[in-house]
Amino acid sequence: MQLVISRDLLLQAINLISKAADKRHNMVILGNMKLALTDSQLVMVASDLELELQATLNLPASACKQPGEITVPANKFKDIVKLLPDGLPVSISVGNDNQCLIVCGSSRFKLSTLPAQDFPLLGEPEQVTPIQLGREDLVDLLDKTHFAMAVQDVRYYLTGMLFEVKERQLATVSTDGHRLALARTVIACDDSVALAAILPRKAVLELQRLLAELKRMLPNQDNKITLNVGREFLQVLLPFGEVDSTGQLKNAIMVAFTARLIDGKFPDYRRVMPSLTNKIARISQEQLANVLRRVAILSNEKSRGVIFDFSGDNNLMVRASNAEQDEASEQLEVKYQGEPLEISFNVAYLLDVLNVLQGEIDFNMSQANASVLVQQVNDSKHEFVVMPMRI
């Protein structure tokens, strides 16, 4: 195998896929990145058998000197290419000793390799249902709901995000049992299309990162994204590159994102959505977030509890205290309908919700021990549920 390639293009491809490499090294070869070179393309793959990222680069005629394939240590390969001089070509070759020689200017590196045929691949999804939507719509679905995924939970299905298609709508839902986030958007599909798939936490965060990078590189193009949802996997193809003066994509890198779905049944989130709420408070998101950050300084370090007291006339009193008998309180003007109510929240959970909202928001409540529905005014696409706590 022998290749001459632009250092900048190579680094860009490495940065796009390297985070999928297995840092725990459950299999030694999964700590490597696979390079497969043909006369016209370089295909690079990183995987931990739960998430696989593949970058395909179209090469100029003179780039491939000798086709072949090999795997190299992902972290070392990335660190080397990252620190090579800008603007110089990089030569990558594998000789009879099966060591990978990297040459750029006067710099020379030799890396140990492992056989490419031993690198396990996830394969293509089976029984695929394609779902197409705009890039910005997908970004919104992920950004508005990812924070509520559980980090660690024996209920493993809560450590991911539900993608649900029903009645021509795609909804994303996540919950850790303390709060729930729901976002939805209309998609173009047949009425008969219905599916439910749980994407693992790592895959959700990687897809967010790739979409953010795609927006940075192509800010003026709201690409149509196709989610190919299979029986075991979800796959997304994302085109990266630079747009030239004619609007064409140059230095194109096609990234294939493939993730193994969580095999489990997501709880029926509709059952926890509050419906019989008779107390409504309309509050400025910015003002409430600022009050919570100040008052929470003196909240209990373990419970992080704050008390909302809606006993005043269109006033909300926010209070907090701790074991050292420190106390904080601040009054906030609100529009409140209903009987007086005192309810407590974990301030961290509440701030997570407020951070994805803006403008005026409604707290829909019923009683002190019942879940609360939080929504942005005039926004029916996003719903957030926060469980109260006892202090």
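None of the figures in this text is laboratory data; all of them are computed from the coordinates on show. Quick caveat: nothing in here was measured; it's all calculated off a predicted structure. Reconstructed Cβ throughout: ideal geometry from the backbone, glycine too, with neighbour counts over all protein chains shown.
Could you sort 72-81, 99-108 so that the peptide with the highest average Cβ count within 10 Å comes first and the rest follow in order?
On the way: 72-81: 19.2, 99-108: 15.0.
Result, highest mean Cβ count within 10 Å first: 72-81, 99-108.
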- Message: Run lengths n ≥ 4 of DSSP H only: what is the helix-derived mean residue ellipticity at 222 nm for the chain, with -39500 (n - 2.57) per run over all residues, to the nearest 500?
- Response: -5000 deg cm²/dmol
- Item | Span per principal axis, largest first, for the Cα atoms of the stretch 328-391 (Å) | 31, 25, 24
- Task: Report the paramagnetic label zone for Asp313: residues of the stretch 333-375 whose backbone N is under 16 Å from a point 7 Å from Cα along the Cα-to-Cβ axis.
- Result: 333-340
- Item | Entry for semi-axes √(5λ) of the Cα gyration tensor in Å (calculated from the structure that is shown) out of (1) 29, 25, 21; (2) 49, 24, 15; (3) 48, 23, 20 | (3)
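Relative contact order (percent) for the chain, with alpha-carbon contacts under 8 angstrom and 6 or more residues of separation? Working shown, then result.
Numbers: 888 pairs, mean separation 51.2, N = 391.
Taking the mean separation of contacting Cα pairs over the length of the chain, I get 13 percent.
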- Query: Taking Cα pairs under 8 Å and at least six residues apart, what relative contact order does the stretch 2-118 come out at, in percent?
  - Reply: 29
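So if I average 1/r over every pair of distinct C-alpha atoms in the stretch 273-386 and take the inverse, what Kirkwood radius in Å does that give? Intermediate results must be reported in sequence, preceding the final value.
On the way: mean 1/r = 0.0706 Å⁻¹.
Its Kirkwood hydrodynamic radius stands at 14.2 Å.
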- Task: Set the Förster distance to 51 Å, then compute FRET efficiency between Asn75 and Asn290 from the Cβ-Cβ distance, nearest 0.05.
- Result: 0.80
- Item | Contour excess over end-to-end distance, with Cα ends at Gln221 and Glu324 and 0.36 nm allotted per residue | 31.6 nm
- Message: Treating only the Cα positions of the stretch 2-118 as identical point scatterers, give the base-10 log of I(q)/I(0) from the Debye formula at each q in 0.11, 0.15, 0.23 Å⁻¹.
- Response: -0.31, -0.60, -1.49
- For the stretch 55-112 and the stretch 176-202, distance of Cα centres in Å: 41
- Item | Positive dipole terminus of the chain, leading residue within Ile187, Asn58, Ser329 (C-beta point charges) | Asn58
- Considering amide H positions built from the backbone, and no H for Pro or chain starts, which residues 5 or more places from Lys65, or on another chain, come under 5 Å of its amide H? Gln2, Leu3, Val4
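Can you quote the Å³ per residue value for the convex hull of the Cα atoms in the stretch 174-228, rounded to an integer? Numbers along the way, then the final one.
Working: hull volume 7.4 nm³, N = 55.
Dividing the Cα hull volume of the stretch 174-228 by its residue count gives 134 Å³.
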- Note on the structure: For Lys78, counting only lysines whose alpha-carbon sits under 21 Å away and dropping same-chain residues fewer than eight positions off, the answer is Lys19, Lys23, Lys34, Lys110, Lys202
